[in-house]
Amino acid sequence: MDRKSILVLIVCFVLLLLWGPIVNRIYPPIPVETPAGATNQVSTTTRPAAGPETAAPTGPVAERPPAITAPRSPVERWTEPDTPEEILTLETPQARYHFTSHGGALRKVELKDYPAEIQCRGAGTTNGVGYATLNAHARVPALALFGGEALEDHRPFVLRKTDRGVVAEKLLSNGLALIKEFVPSSNHVLLVTLRLENRTNQPVALPETELTIGTSIPLNLKEQPRFQGVQYFDGRKAHLIGASWFANHLLGCGCLPGTPRYEFRSEGVSNIVWASVPNRFFTMIAAPEQPAYQLRARKVEPLWPEAAELGRRRPVGYEAALVYPAIQIPAGAKVEQHLTLYAGPKDYNTLAGLGKSQDLAMNFTTIFGWFAKLLLLSMKGIHSVGLSYGATIIAITFIIKLLFWPLTRASTRSMKRMQALQPQMKAIQEKYKDDPRKMNMKLMEFMKEN
């Protein structure tokens, strides 16, 4: 490497180090206006009691990443009731659902077929750390309907078991009754019915409400954040809102500065066919009977005390909620919403069987998605015959070799033929080495003849 090349490399390296400050000086970042009432920290609650009187945590926070808040949303304004939390557990052969009186919703889901950690030995056990759990460490429960003061979010629900499942009920001071019914079905599906009954002789107006889907949180502290985000399907295309969207780097480049986004809201109206909050191996998908009005997503800090020592490497969560427009319920009338909640593994056959294009949650829509889908279906098909996954991979490799054997054979024959002609080509090159033009002509004639 000459002196000029070394100098160019040094200049490029210096520019790389100074690129951020230079861009900030030429294009100063636009300051983000904090909505009224916003804070720099996400308030944490301690169960079983957490009310507005709870003191804010004190102590050094230098190692904590900046929190994300959106106080205009009823979900963000929610404070848990100051009464002890009641947990009601509903168990099926596949899962264990934990319902909470705080929000009358689903606190977490334990998947009984999947241990939290898998070791080489004892793959069928939980290794003493329990089952894989969805919506654990979430700030708000899943399937909670928030409407601020209109729905008296600060008041607890009454939980009771029925022959079919679980019912959560709350009678509001304005005469409305908010009733939720949760009925477990097959394939990790929970059937959900939300009903608002006006038991008065006057119409009752409700503002815009939000129904939480859940929070995308890693299963453990070692899981990579690239598998997290919020997905939704608008009837035409599946979308993924993840870390890159919220970071909003300049030109989409992670090494360039940007103005962070604090909240996502989908475009259009009444086009949310389904929405999900995935992690690496599992997902929670909410599919309303009729497309929801809109979707709202935000970046939040999970309630994960063990992660505090990780500083800026601590995990984040992505919270999603279906948005329903303001309505007026006539006297004596009721409004119902029906939806299904899938809380289970990212299994293609299972998701495809749910309908509404929920298999798009597998992210097989990229340029190589069709190939990944083909390999996955082939592997599952061969594995269903009785082979282990190791033997299945060997079998697929052998099948691919067989499929490409004609091309490999033709290439091998051509290579051997060229090797046989090498002595004659060497002789031509030696004979006409003083005349390159004539040597090339003779070589071309020789190749055409053979």
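Selection of first residues in the range 272-293 that are aromatic (Phe, Trp, Tyr) and of second residues that are assigned to a loop (DSSP other than H, G, I, E, B) and crowded, with 24+ Cβ neighbours inside 10 Å, restricted to Cβ pairs under 9 Å at least 6 apart or on distinct chains, gives an empty result. Put simply, of Arg121, Arg155, Arg164 the only residue that is surrounded by fewer than 21 Cβ atoms within 10 Å (Cβ to Cβ), in a loop (DSSP other than H, G, I, E, B), over 23 Å from the mean Cα position of the chain (by Cα) and modelled with pLDDT under 90 is Arg121. Restricting to the range 222-241, and then to whatever is of a type in the set (S, T, N, Q) and surrounded by 22 or more Cβ atoms within 10 Å (Cβ to Cβ), can you tell me which residue is modelled with the highest pLDDT? So the residue we want is Gln231. Filter the range 242-277 for residues that are of a type in the set (D, E, K, R) and part of a strand (DSSP E or B); which is surrounded by the most Cβ atoms within 10 Å (Cβ to Cβ)? Among them, the one singled out is Glu263. Considering the range 128-152, the residues that are part of a loop (DSSP other than H, G, I, E, B) and aliphatic (A, V, I, L, M) include one that is farthest from Glu181 (Cα to Cα), namely Val129. Take the range 183-199 and flag every residue that is of a type in the set (S, T, N, Q) and either part of a strand (DSSP E or B) or crowded, with 18+ Cβ neighbours inside 10 Å (or both). Matches in the range 183-199: Thr193, Asn198.
Looking at Lys431, is it touching a Phe, Trp or Tyr at 6+ places or on another chain (Cβ under 6 Å), not hydroxyl-bearing (Ser, Thr, Tyr) and not assigned by TED's automatic domain parsing to the domain that holds Lys346? No, not satisfied. Of the residues making up the range 167-176, those that are part of a strand (DSSP E or B) and among the aliphatic types (A, V, I, L, M) are Val167, Ala168, Leu171, Leu176.
Please go through the range 200-221 and pick out each residue that is in contact with a Lys or Arg (Cβ under 9 Å, 6 or more places away or on another chain) and either over 26 Å from Thr283 (Cα atoms) or surrounded by fewer than 18 Cβ atoms within 10 Å (Cβ to Cβ) (or both). Scanning the range 200-221 gives a single hit, Leu221.
The values are calculated or read from the model by the stated rules, or taken from the named source; none is laboratory data. Predicted model, so just to flag it, every value in this text is computed and none were measured. Every residue, glycine among them, receives a Cβ derived from its backbone with ideal geometry; neighbour counts consider all protein chains shown.
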